[in-house]
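So the structure is just underneath, and the comments pick up after that.
The values are calculated or read from the model by the stated rules, or taken from the named source; none is laboratory data. Owing to the predicted nature of the structure, the values given are computational and were not obtained by experimental measurement. Here the Cβ positions follow ideal geometry from the backbone for every residue, glycine too, while neighbour counts run over all protein chains shown. Only protein heavy atoms, including side chains, enter the accessible area calculation; ligands, DNA and RNA are left aside. Shrake-Rupley method; radii C 1.70, N 1.55, O 1.52, S 1.80 Å.
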Amino acid sequence: MLLDRRLFLIASPLALAGCATTREPVASRVLPPAMDPQYLRMYAAINDEPFPVPAVDLTQIDPRFLRQEVAYPTRYQPGTIVVDPNERFAYLVMANGRALRYGVGVGREEGFNFRGEGVVARKAEWPRWTPTQAMIAREPERYGPYAGGLPGGPTNPLGPRALYLYKDGRDTYYRLHGTTEPWTIGTQVSSGCIRFINQDIIDLYRRVPTGTRVVVLPATGTPVG
């Protein structure tokens, strides 16, 4: 039943989540993204959540990092999430050599980043955030005040959704989550986790079940050009 559910989620019409329904990437449209009605709908404010999710100012984000369906030949099975920290993309693999691609922000220090394979063992809406002891030790003034945790809400750095990555049954402390700073998508800014535009992590969250395979490719350190 889990496999059937996953295939249903992947095969469901992209229009259900406000994505492109054509086989062409939406970035190929004539209108600039900041004026494209489809992008404006995709990144509009969401007001039916426990906390409001503001609309995204599309002029602050490089258009290539906006959500779109793309050609993506890969050996990974449909339903797999592939994170490419070097290119600042996360792919949800689909059938027929296609994928749904999301722009992401990645960790600024490679030594703190996860690489390899894991599974989404837990999902949370408006998750509570607690900095790790390592984060507090590195930056006590920044993270120390939150040692007891921060409830979910509009100022929580995990945003409206989080996917928790486990490996061999253990928490990696690596998350795929939202952000309070959408303009940082496509850059190296986080403490090691992968941040998405809030509308994008909500979209990904409802597409993938727990148990989803996640592959994090190694980063080369080459900046996005």
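A few comments on the model shown:
- Selected residue (only one of Ile197, Ile202 is open to solvent by less than 10 Å² (accessible area, probe 1.4 Å), in contact with a strand residue (DSSP E or B) (Cβ under 8 Å, 6 or more places away or on another chain) and in contact (Cβ under 8 Å) with a residue 24 or more places away in the chain): Ile197
- Qualifying residues in the stretch 58-76 (those that are open to solvent by 70 Å² or more (accessible area, probe 1.4 Å) and in a loop (DSSP other than H, G, I, E, B)) - the one nearest to Asn198 (Cα to Cα): Pro73
- Yes/no for Gly79 being in contact with a Lys or Arg (Cβ under 7 Å, 6 or more places away or on another chain), small (Gly, Ala, Ser) and within 21 Å of Pro209 (Cα to Cα): yes
- Glu125 falls short on exactly one of the conditions (1) touching a Lys or Arg at 6+ places or on another chain (Cβ under 7 Å); (2) surrounded by 16 or more Cβ atoms within 10 Å (Cβ to Cβ); (3) modelled with pLDDT of 95 or more, and that condition is (2).
- Residue within the stretch 87-105 that is at positive phi and touching a helix residue (DSSP H, G or I) at 6+ places or on another chain (Cβ under 6 Å) present: no
- Residue that is farthest from the chain's Cα centre (by Cα), among those in the stretch 133-165 that are open to solvent by 40 Å² or more (accessible area, probe 1.4 Å) and among the hydroxyl-bearing types (Ser, Thr, Tyr): Tyr146
- The single residue among Glu87, Glu139 that is among the acidic types (Asp, Glu) and in contact with a Pro (Cβ under 9 Å, 6 or more places away or on another chain) turns out to be Glu139.
- Condition check for Tyr102: assigned to a helix (DSSP H, G or I), open to solvent by less than 30 Å² (accessible area, probe 1.4 Å) and of a type outside the set (Val, Ile, Thr): no
- Listed by position, the strands (runs of 3 or more DSSP E) contained in the stretch 112-225 that have at least 3 residues being of a type outside the set (Ser, Thr, Tyr) are 116-125, 161-167, 170-177, 194-196, 213-216.
- Qualifying residues in the stretch 77-98 (those that are modelled with pLDDT of 95 or more and more than 14 Å from the chain's Cα centre (by Cα)) - the one most open to solvent (accessible area, probe 1.4 Å): Asn96
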